[in-house]
1. With respect to Leu152, determine if the residue is on the phi < 0 side of the Ramachandran plot and buried (at least 18 other Cβ atoms within 10 Å of the Cβ).
2. Which one of Ala242, Ala215, Ala257 is buried (at least 18 other Cβ atoms within 10 Å of the Cβ) and under 20 Å from Ala171 (Cβ atoms)?
3. Run Asp145 past the list (1) in contact with a Lys or Arg (Cβ under 9 Å, 6 or more places away or on another chain); (2) of a type in the set (D, E, K, R); (3) more than 27 Å from Glu207 (Cα to Cα) and report the number of the one that doesn't hold.
4. Does Leu216 meet the test of being under 20 Å from the mean Cα position of the chain (by Cα) and at pLDDT 95 or above?
5. Quick check on the stretch 76-128: of everything there that is basic (Lys, Arg) and assigned to a helix (DSSP H, G or I), which residue is nearest to Gly139 (Cα to Cα)?
6. What number of residues within the stretch 92-129 are of a type in the set (A, V, I, L, M, F, W, C), farther than 24 Å from Asp153 by Cα and modelled with pLDDT under 95?
7. Can you tell me which residue within the stretch 101-123, out of those that are closer than 19 Å to Ala144 by Cβ and in contact (Cβ under 8 Å) with a residue 60 or more places away in the chain, is surrounded by the most Cβ atoms within 10 Å (Cβ to Cβ)?
Amino acid sequence: MLSSTAPGCRLALLASFGLLVACGGRQTTPDPPPDAPDTSVDEAETTAETTPAVAPSDIWFDEAHAAVGRGDCVGALVGLDEVIATAPWRADALLDRSVCHLVVGDPAGALEDARALIALTPDDPIAQYQLGASLVAAGAPGEADDVLVPLLDDPTMGRDVRLRVAEARLALLDADGADDVLQALDDDPDALTLRAVAAEVRQTVPEAVALYEAALSIDSDHLAALRNLGLLLLANDAPDEARALLERFLEHAPDDALDRPMIEGHLGLDATVAP
């Protein structure tokens, strides 16, 4: 089974709601298929004093994976392209590249890699999760819900599955369905932010404000809550409070955050589009 940790990078997954989710981490290296070229070292050519040869794809993957851990997905994609061109059976590289495509705002690329990953490891829950997350980002929330819901009962999967299911249901404007799946995450700022979005879908503004404020009471720099609450207050005649929240968002958001130009526009600043 592929394994995943969360090195702490965050990405905008849904353009419509701008929800932020944790991205994945280290995965194990799969065995190549039987017809893959042999990159092993002949035993007869090795001695106790020599170090076994390392396949170039292993070197490229380790460097690219380290870049993913640093949050440098733009740099990682170059190395991951090399790995997959040389060893297309490497599920670990496909998973990292799919995650990075999401980070840089390329849901179509993420979905293509996630489908290739599922073809290699169809029963692996991490692969299924990545397919579901990519489907949400690519604008196929109904299909994503079908993929992700069975993972809710998998004890090896964590909170992120519930967050992705909620995002899929919010994209379908199923606010009650999103709330249902989030009930188990009482004090989670991501879950509270999603529940606030559900309240916005129901057009219950006071409830949405209270939930965003609850998220910010746990994590005062939660980017999605700062941005969403700021925009909500801006639309409801509270410009001073809105400006303070949106300025905090700009202070803490990465320079290449997908929503930075839009927020700068709302504040009357010169929007800077990341290269």
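1. It is false that Leu152 is on the phi < 0 side of the Ramachandran plot and buried (at least 18 other Cβ atoms within 10 Å of the Cβ).
2. Only one candidate qualifies: Ala215.
3. Failed condition: (3).
4. Working: under 20 Å from the mean Cα position of the chain (by Cα): no; at pLDDT 95 or above: yes.
The answer is no for Leu216.
5. Arg115
6. Result for the stretch 92-129: 6.
7. Leu102
Residues are listed down the side, and each one gets a yes or a no for (1) farther than 30 Å from Pro125 by Cα; (2) of a type outside the set (A, V, I, L, M); (3) not assigned by TED's automatic domain parsing to the domain that holds Ser134:
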residue	(1), (2), (3)
Asp188	no, yes, yes
Thr193	no, yes, yes
Ala196	no, no, yes
Glu200	yes, yes, yes
Pro206	yes, yes, yes
Leu233	yes, no, yes
Leu267	yes, no, yes
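The values are calculated or read from the model by the stated rules, or taken from the named source; none is laboratory data. Note that this is a predicted model, so its numbers are computed, not measured. With ideal geometry, Cβ positions are generated from the backbone for all residues, glycine too; neighbour counts draw on all protein chains shown.
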